[in-house]
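Beneath this line is the structure, given in structure tokens, with notes to follow.
What follows draws every value from the coordinates through simple rules; no lab data is involved. Here the structure is a predicted model, which is why all the values come from computation and not from measurement. No Cβ is skipped: glycine too gets one built from the backbone with ideal geometry, and neighbour counts run over all protein chains shown.
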Amino acid sequence: MIEGIVEILLVEDNPDDIKLAQYAFHKHHLINVVHIVRDGAEALEFLFCTGRYADRKIEDRPKLVLLDLKLPLVDGIEVLRQLKSNSQTKTIPVVVMTSSREESDVVESYELGVNSYIVKPVDFDQFTDVVQQLGYYWLLLNQSPTLEA
């Protein structure tokens with residue numbers, strides 16, 4: 001089990017994208033703790049401290065969720081819906097980072113309260129630059145509300 005602060009929850013099922021994101025975060029010295037889940041069901045367990053994450057405290061929420069939409073078990077739209085409809089998690093910043101350019105995905109994500117929607121660049125350097133910029137903005141510049149106990 002993970003204890004304490006998780007700076008980023010990366011919800012991604014593509015092993016190559018996971019490696020690229022980890023590389024970018026570490027290369028630019030942005031964060032210490034990235035927790036990775038590979039499907040939407042595990043993401044919900046992590047965020048709501050259930051199942052294999054029942055020992056976590058909801059107060060130890062991530063500072064940022066990077067969410068792919070096309071996930072096994074539970075899709076990213078449903079993860080976003082549940083995350084943003086719960087009073088304990090709705091203020092966690094969520095950035096959808098997906099390969100989908102479908103207008104319906106963009107619209108629905110924003111209607112559900114996503115903070116940003118980014119289409120993953122295919123190029124290695126562009127991908128790592130995007131991840132670095134996301135980390136810099138959301139972890140260092142953005143001011144998030146504190147969680148009330």
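For the range 62-118, residues that are of a type in the set (Lys, Arg) and touching a residue at least 60 places away in the same chain (Cβ under 8 Å) total 1.
Condition check for Val37 on (1) among the β-branched types (Val, Ile, Thr); (2) over 21 Å from Pro15 (Cβ atoms); (3) under 14 Å from the mean Cα position of the chain (by Cα): one failure, at (2).
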